[in-house]
């Protein structure tokens, strides 16, 4: 299991785990992946397409949670020598946004798999920065395995 000081995957290898490409990439590194809990880190740049008035927007926070799930799930498939499926957000529930993080802040996002049935994965995600939780939601993700 990784820690926040240890990177499991970053850079080009991280891009192999998710379908997004710059400028839509909303995670810098996968720091933990144990099959149920996945954690990423992301430093918010002023050039990010989801930044408005010096803050990461709500859409950026949601996309960050989705990409954390994609990276963690993708890493699990990679470890099993399976092709990495493309995933789609099917539903977002219980969305709570307390604060929009500032540019140059590093956010830490954790996603926990709460249920998996066939090609449906249900996750619960949270985002923290400066020691406080600033966003959370549940998502239903559909995976298209090849």
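With the checklist (1) more than 22 Å from residue 100 (Cβ to Cβ); (2) assigned to a loop (DSSP other than H, G, I, E, B); (3) more than 11 Å from the chain's Cα centre (by Cα) in hand, flag the one item residue 14 doesn't pass.
Failed condition: (2).
Please state which one of 134, 127, 92 is over 13 Å from the mean Cα position of the chain (by Cα), buried (at least 16 other Cβ atoms within 10 Å of the Cβ), part of a strand (DSSP E or B) and in contact (Cβ under 8 Å) with a residue 24 or more places away in the chain.
134
Within region 17-27, work out how many residues are in contact (Cβ under 8 Å) with a residue 24 or more places away in the chain, surrounded by fewer than 24 Cβ atoms within 10 Å (Cβ to Cβ) and farther than 17 Å from residue 143 by Cα.
3
Given the conditions (1) farther than 24 Å from residue 102 by Cα; (2) within 14 Å of the chain's Cα centre (by Cα); (3) in a helix (DSSP H, G or I), and given that residue 65 satisfies all but one, which numbered condition is not satisfied?
Unmet for residue 65, out of (1) farther than 24 Å from residue 102 by Cα; (2) within 14 Å of the chain's Cα centre (by Cα); (3) in a helix (DSSP H, G or I): (1).
Checking residue 109 against (1) surrounded by fewer than 19 Cβ atoms within 10 Å (Cβ to Cβ); (2) touching a residue at least 60 places away in the same chain (Cβ under 8 Å); (3) closer than 13 Å to residue 44 by Cβ, which test does it fail?
Here residue 109 clears every test but (1).
Values in this text are rule-based calculations from the coordinates and carry no lab data. Quick caveat, the model's predicted, so the values are computed rather than measured. Backbone-built Cβ (ideal geometry, glycine too); neighbour counts: all protein chains shown.
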